[in-house]
Amino acid sequence: MTFFTAIDRYVFRLVLMPMIGVFLLAASLLMLEKMLRLMEFVSSEGGPVRVVFKMLVNLVPEYAGLAIPLGLMLGILFAFRKLATTSELDVLRAVGWSYTRLLRVPYLITLLLMAVNFVIVGYLQPLARYSYAQMEFELRSGALGAAIKVGEFTAIEDRVALRIEESQDDGRRLMGIFARVADDKGQVLSISAREGRFLANRENRNTIIFRLEDGTIIQDIPGKSPRVLSFTQHDLPIDLPAIERFRARGDENREYLLPELMHIGWSDQSTSVQRAGGQANFNYRLVEVIMMLMLPLMAVALAIPPKRSTSALGVFVSIVLVVAYHKVNQYGASVAELGRVNPLLALWGPFVLFGGLIGWMYYRVAFVPGGQAIGALEAAYAKLARRIRDLLKRRERLREAREQAAALGEEPARAV
């Protein structure tokens, strides 16, 4: 017997395109929402725009951890919904294809995506979180060239104050410069220049050269009259401030890889707080991956609407269930990390309850004749939809009657 039949390939095509589309859409929406905040943050810190895209790249593993399960579930749901609404599912069932047999290809896809998601949540997410935190720290500290802002006074080492009117060529040309430099002897230089640029100092990496062009220097020495000098070109050495080194990876449990979490969570050398945090994060990552095994069953249970109905309530319910379960896991991990609840109870307890609910829904659809997983919700949704349609039709008839009365010059009440 052929392992992959023509129907398997057909189901694969039905699942693949919606799955990829939902994954890209979910990831794009999450990243676009974050990009607006990052642009505001980077602009307020005076950083270059390219930093925004580097930080967004580090957010891809974080959002992929939720977008992959969501895309998988909706891809399978839309595939089986199409089979059900076009009556193809009835034909397949009539010739002996059970729901379990139809789920062969979706489960192969699920196992592949589980492996991908395991690598993401176990290894890529911790490294990406640390890299994101490092770039955020460098922005705040000025290590990315974000210390000098256009139109504002910037103090460097409490000795140099700079103000720049305009920046051109991505910061390579600075226009309208004012600088005030003081030394330990009380001498103060007030410098104004038409333009300038920063140059590296090969002899001393801790000092940069600020080359100024077409300007004036006012030298103020205590006890003496100020001196005024004009220059065509002047090199002003500026000592770079000492930038604090970023912390090592592991300040948060989320920055540890899975093997590191296992070592911390079950090591006798770790403190009770460290063990609780390590075990909580380890179990959280595992339960997020293993729950993907239940998503095909939930997708099938919610994909099939009642007969002679095209209700899309199952799509809405499925999204709510997946996102809600993800948030419950996050809350359980945070509580278990504090040591208030055992990680097994906080994370695997919701897994058992959610898995039991999905198993019951699948049993109702697959093995109970005419069974519906959310039959009561479907009935209530149908009644609500009818009432809304009746209300809209009534308002439309009332509007038409008023328009006719206005055209005839009659009173609206008489026309109604």
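Within segment 72-120, the set of residues being closer than 30 Å to Gly250 by Cα, in contact (Cβ under 8 Å) with a residue 40 or more places away in the chain and open to solvent by 10 Å² or more (accessible area, probe 1.4 Å) comprises Leu113, Met114, Val116, Phe118, Ile120. Residue check: Ala413 meets all listed conditions (1) at pLDDT below 80; (2) surrounded by 11 or more Cβ atoms within 10 Å (Cβ to Cβ) but one, namely (2).
When Ala179 is tested against the conditions (1) open to solvent by 40 Å² or more (accessible area, probe 1.4 Å); (2) on the phi < 0 side of the Ramachandran plot, the lone failure is (1). Determine whether segment 265-275 contains at least one residue that is aliphatic (A, V, I, L, M) and open to solvent by less than 80 Å² (accessible area, probe 1.4 Å). No, segment 265-275 has no match at all. Here Leu66, Leu29 are screened, and the one residue that is of a type in the set (A, V, I, L, M, F, W, C), surrounded by fewer than 13 Cβ atoms within 10 Å (Cβ to Cβ), under 30 Å from Val320 (Cβ atoms) and at pLDDT below 90 is Leu29. Per the listing Val15, Val22, Val11, the residue uniquely more than 18 Å from Val315 (Cα to Cα) and either open to solvent by less than 30 Å² (accessible area, probe 1.4 Å) or in a helix (DSSP H, G or I) (or both) is Val11.
Looking at Leu313, Leu347, just one residue is touching a residue at least 60 places away in the same chain (Cβ under 8 Å), within 17 Å of Gly278 (Cβ to Cβ) and of a type outside the set (D, E, K, R), and that residue is Leu347. The set of residues from segment 201-234 being open to solvent by less than 80 Å² (accessible area, probe 1.4 Å) and either modelled with pLDDT under 85 or among the polar types (S, T, N, Q) (or both) comprises Asn201, Asn204, Thr207, Ile208, Ile209, Phe210, Thr216, Gln219, Ile221. Among the residues here, Leu257 does not qualify as closer than 16 Å to Leu66 by Cα and surrounded by fewer than 18 Cβ atoms within 10 Å (Cβ to Cβ). Taking segment 295-321 as the range and being surrounded by 21 or more Cβ atoms within 10 Å (Cβ to Cβ) and either among the basic types (Lys, Arg) or part of a helix (DSSP H, G or I) (or both) as the test, the residues that pass are Leu295, Pro296, Leu297, Met298, Ala299, Val300, Ala301, Leu302, Ala303, Gly314, Ser318.
I'm checking my understanding of the structure. Among residues of segment 333-373 that are over 30 Å from Leu89 (Cβ atoms) and assigned to a loop (DSSP other than H, G, I, E, B), which one is most open to solvent (accessible area, probe 1.4 Å)? Per the stated criteria, the residue is Arg340.
The values are calculated or read from the model by the stated rules, or taken from the named source; none is laboratory data. As the structure is a computational prediction, the values presented were derived from the model and not from experiment. Heads up, the Cβs are rebuilt from the backbone with ideal geometry, glycines too, and the neighbour counts pull from every protein chain shown. Ligands, DNA and RNA are stripped out before the accessible areas are found, and what is left, the full protein with its side chains, is counted by its heavy atoms. Shrake-Rupley method; radii C 1.70, N 1.55, O 1.52, S 1.80 Å.
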